[in-house]
Amino acid sequence: MIDILTGIFPYAIAFTIPLLVTSLGGLFSERSGVVNIGLEGLMVMGSFAGAITISNLEAYLPNGSIWIGIMVAGIVSGIFSLLHAFASIHLKANQVISGTAINMIAGAITVFFARNITGSGNIRIQLGLQRVSIPILRDIPLLGDMFFSNTYLTTWVVIAILIFSKFVIYNTAFGLRLRACGEHPQAAAAAGINVFLIRYIAVFISGILAGFGGAIILVTYSGEFNGSVAGLGFLALAALIFGQWKPLGILGATFFFGFASTIANVSQAIPALATIPGIILKVFPYVVTLIALVLFSKSSQAPKAAGEPFDQGKR
Amino acid sequence: MNSDKLRPLWVALISVLLGLIAGGILMAFTGNNPVEGYIYLFKGGLMSIERIGNTLATATALILTGLSVAFAFRTGLFNIGASGQMLMGGLCATALGLSLNLPKPVLLPIVLLAAIIGGGLWGLIPGLLKARFNVHEVVATIMMNWIAFWTVNYAVPSFFKGEYLETESRNIGVNASLRVEWLTKLFNGSYINLGIFLAILSIIVIAIILNRTVLGFQLKAVGFNKDSAKYAGMNVNRNIVLSMVIAGSLSGLAGATFYLGYASNIQIGVLPSQGFDGIAVALLGANSPYGALATAIFFGILHSGKGFMNAMTSIPPEIGDTIIAIIIYFAATSLLIHKFLDKIKAFIKGARKK
């Protein structure tokens with residue numbers, strides 16, 4: 001059983017990481033008071049921008065192209081997310097409708113362009129990211145196999161983003177302002193904070209991080225852009241809620257979901273798990289999120305002003 | 001004033017126009033002729049009696065999902081779960097259609113009822129969670145979408161596997177299909193089916209419920225202001241649950257018309273896009289049943305014409321979906337359009353005074 005666990009661990013982590021970084025993006029946005037259900041579309045956009053960049057550059061820069069691709073993905077998704085920011089902050093649009101529009105635009109327009117480029121609507125990249133083992137740490141018994149062997153470098157980058165995000169949200173002036181805008185924007189504005197600006201920055205960050213998420217899926221386990229990220233953006237949203245809008249909660253939730261999904265994917269190959277129908281493991285994250293919502297309904301940590309357009313005149 | 005009543009119509013028309021312009025720019029940007037593209041797009045949806053039939057068949061599910069979203073919206077609920085409700089309706093209907101061997105007049109009501117129950121159940125759960133625990137219906141319906149997605153993913157290959165493909169169910173028999181010979185013949189072999197009559201019937205029923213019944217009055221009152229509805233003695237929670245169940249049933253029915261009418265089997269691995277297009281239909285149609293009808297038919301043209309356009313030009317068919325998505329964005333940001341219309345109104349008034 002331990003062998004099975006250590007065997008699937010690297011896959012579970014590979015699946016968790018894009019979810020984690022996207023969910024952190026959602027955290028910034030929602031903590032500032034803008035609900036972002038466009039995460040799915042922002043991931044698709046990231047996956048598309050990454051695939052285009054990498055497939056064009058990989059002949060010249062075999063290793064560098066992957067990292068350039070991830071950066072481009074973040075920037076493109078960040079800019080794309082400004083559409084959502086503009087609608088929901090400046091135009092006081094319904095944030096759910098705007099987010100849905102983001103999802104639909106991303107899903108359609110990327111395939112539209114991909115068809116113009118490749119004819120099929122899919123973009124393959126030749127090279128994925130290589131797995132590396134961390135020297136010394138990989139020799140730790142058990143833990144070395146689980147966490148430090150065959151890891152992607154992106155995993156460590158995302159962990160760094162997680163730590164940095166926690167620091168920014170809780171230990172900096174920007175973080176304090178961000179949280180104030182999500183809890184009580186009128187009070188924040190009265191204290192001299194530019195609510196619009198903070199919210200724009202927060203949505204922009206959510207776009208960048210979701211773009212990273214989409215690109216990481218591409219360079220680690222999918223290897224191809226195909227116009228969808230199979231609902232991972234919505235799963236990231238679920239993780240955000242299940243993690244109760246806190247960085248470490250999100251880490252726990254995404255790992256939990258990543259692990260459950262990986263077990264579901266490999267369950268047929270493992271005798272001990274083959275008896276459990278795959279559906280139970282697949283719907284598990286969504287059911288758990290619904291249950292969490294019910295359990296936390298009295299004490300939800302949701303940002304109080306999430307989803308509400310900021311209106312200066314309202315008290 | 002009369003012009004204020006027509007406001008939603010103007011907003012919708014301007015959104016559509018902006019969406020079409022954006023689509024044209026995209027066509028030009030990728031080296032195609034937008035005028036030619038649009039001519040083929042609309043020809044593809046309307047040029048023959050068969051294609052008109054296909055357009056109506058495509059519009060059928062959109063009418064129903066649009067009604068579903070619009071109906072919930074009237075009660076102040078955002079039903080983003082039309083896709084999942086449609087899938088469950090389709091799954092229940094297909095399951096019974098494949099399992100029961102009954103004559104068509106007996107089987108059809110059974111499968112339709114199954115679809116309504118399946119979709120209704122998928123609306124009931126978020127409704128109950130909202131009413132009882134104040135769980136936000138947007139999140140709950142998103143979760144229900146993916147639960148439906150994986151349920152179909154599991155159930156279809158396990159119980160109703162197709163002859164050749166693992167990814168779709170067996171084809172349903174003639175006795176469970178909503179297609180009928182006289183209608184197919186009338187439209188020269190198109191996909192059109194009894195679903196269109198169900199959709200129109202639903203529009204009338206929903207319009208009557210909303211505008212002529214106590215229930216509709218109560219639902220709208222809850223949508224306008226929950227607290228005052230409660231103060232007036234209405235059972236807010238019961239109305240929330242009821243609204244979601246009816247919305248879910250409409251989407252479930254959409255599933256039946258799609259999987260047993262437009263198609264003849266159910267596929268795994270996709271959340272039907274009609275569920276999300278339904279949000280656009282409701283939004284553009286200003287949440288009114290007749291607005292939904294007009295919008296759905298327009299989207300039907302875009303969807304059924306895009307294949308023809310793709311065959312005649314090198315424009316990818318996704319332009320249809322892109323245009324719809326951009327239209328939603330413009331409809332969502334209608335504040336801009338409202339400001340623009342206000343300016344025009346002020347300008348006209350100013351001109352009259354002179």
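Flag not set for B:Ile49, criterion: within 16 Å of B:Phe299 (Cα to Cα) and of a type in the set (Val, Ile, Thr). Hey, does the stretch B:141-163 have a residue that's open to solvent by 70 Å² or more (accessible area, probe 1.4 Å), touching a residue at least 12 places away in the same chain (Cβ under 8 Å), closer than 30 Å to A:Gly38 by Cα and within 14 Å of chain A (Cβ to nearest Cβ)? No - not one qualifying residue is present in the stretch B:141-163.
From B:Ile39, B:Ile25, B:Ile21, B:Ile52, which residue is open to solvent by 30 Å² or more (accessible area, probe 1.4 Å) and in contact with a Pro (Cβ under 8 Å, 6 or more places away or on another chain)? Step through it out loud before you land on a result.
Working: B:Ile39 fails: in contact with a Pro (Cβ under 8 Å, 6 or more places away or on another chain); B:Ile21 fails: in contact with a Pro (Cβ under 8 Å, 6 or more places away or on another chain); B:Ile52 fails: in contact with a Pro (Cβ under 8 Å, 6 or more places away or on another chain).
Matching residue, one of B:Ile39, B:Ile25, B:Ile21, B:Ile52: B:Ile25.
If you scan the stretch B:225-252, which residues turn out to be in contact (Cβ under 8 Å) with a residue 60 or more places away in the chain and either aromatic (Phe, Trp, Tyr) or within 25 Å of B:Ile110 (Cβ to Cβ) (or both)? Residues satisfying the conditions are B:Leu242, B:Met244, B:Val245, B:Ile246, B:Ala247, B:Gly248, B:Ser249, B:Leu250, B:Ser251, B:Gly252.
In the set B:Ile323, B:Ile337, only one residue is within 21 Å of B:Thr55 (Cβ to Cβ) and within 14 Å of chain A (Cβ to nearest Cβ); that residue is B:Ile323. All conditions but one from (1) touching a Ser or Thr at 6+ places or on another chain (Cβ under 8 Å); (2) of a type in the set (S, T, N, Q); (3) open to solvent by less than 70 Å² (accessible area, probe 1.4 Å); (4) under 23 Å from A:Gly69 (Cβ atoms) apply to A:Gln126; the one that does not is (3).
For the stretch B:315-337, residues that are over 13 Å from B:Leu26 (Cα atoms) and touching a Ser or Thr at 6+ places or on another chain (Cβ under 8 Å) total 9. Within the stretch A:109-131, being under 23 Å from the mean Cα position of the chain (by Cα), under 24 Å from A:Asn63 (Cβ atoms) and without any contact (Cβ under 8 Å) to a residue 60 or more places away in the chain holds for one residue alone: A:Gln130. Considering only the stretch B:288-297, I want to know if a residue exists there that is more than 9 Å from chain A (Cβ to nearest Cβ), under 30 Å from B:Gly216 (Cα atoms), of a type in the set (Ser, Thr, Tyr) and part of a helix (DSSP H, G or I). Yes; the residues of the stretch B:288-297 include at least one that is more than 9 Å from chain A (Cβ to nearest Cβ), under 30 Å from B:Gly216 (Cα atoms), of a type in the set (Ser, Thr, Tyr) and part of a helix (DSSP H, G or I). Take the conditions (1) among the polar types (S, T, N, Q); (2) crowded, with 21+ Cβ neighbours inside 10 Å; (3) part of a helix (DSSP H, G or I); B:Ser264 misses just one of them, which is (3). Looking across B:Gly53, B:Gly97, B:Gly24, B:Gly19, one residue alone is assigned to a helix (DSSP H, G or I) and touching a Ser or Thr at 6+ places or on another chain (Cβ under 7 Å). It is B:Gly53. Among the residues of the stretch A:83-93, just one is open to solvent by 60 Å² or more (accessible area, probe 1.4 Å) and either more than 11 Å from A:Tyr200 (Cα to Cα) or more than 9 Å from chain B (Cβ to nearest Cβ) (or both), namely A:Lys92.
Screening the candidates B:Ile116, B:Ile63 for the property of being within 19 Å of B:Pro289 (Cβ to Cβ), modelled with pLDDT of 95 or more and open to solvent by less than 10 Å² (accessible area, probe 1.4 Å) yields one hit, B:Ile63. All told, A:Val96 meets the bar of being in contact (Cβ under 8 Å) with a residue 24 or more places away in the chain, open to solvent by 10 Å² or more (accessible area, probe 1.4 Å) and hydrophobic (A, V, I, L, M, F, W, C).
Is it fair to say A:Ile169 is in a helix (DSSP H, G or I), under 30 Å from A:Ala191 (Cβ atoms), free of Cβ contacts under 8 Å to residues at least 12 places away in the same chain and in contact with a helix residue (DSSP H, G or I) (Cβ under 9 Å, 6 or more places away or on another chain)? Answer is no for this residue.
Conditions tested, residue by residue: (1) open to solvent by 30 Å² or more (accessible area, probe 1.4 Å); (2) in a helix (DSSP H, G or I); (3) at the interface with another protein chain (Cβ under 9 Å from one of its Cβ atoms); (4) in contact with a helix residue (DSSP H, G or I) (Cβ under 7 Å, 6 or more places away or on another chain).
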residue: A:Thr254; (1), (2), (3), (4): no, yes, no, yes
residue: A:Ser261; (1), (2), (3), (4): no, yes, no, yes
residue: A:Val266; (1), (2), (3), (4): yes, yes, no, yes
residue: A:Val283; (1), (2), (3), (4): no, yes, yes, yes
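The values are calculated or read from the model by the stated rules, or taken from the named source; none is laboratory data. Quantities reported herein were computed from a predicted structural model and do not represent experimental measurements. Cβ sites come from the backbone with ideal geometry, for glycine too, and all protein chains shown count toward neighbours. These accessible areas exclude ligands, DNA and RNA; they are computed on the full protein's heavy atoms, side chains included. Shrake-Rupley method; radii C 1.70, N 1.55, O 1.52, S 1.80 Å.
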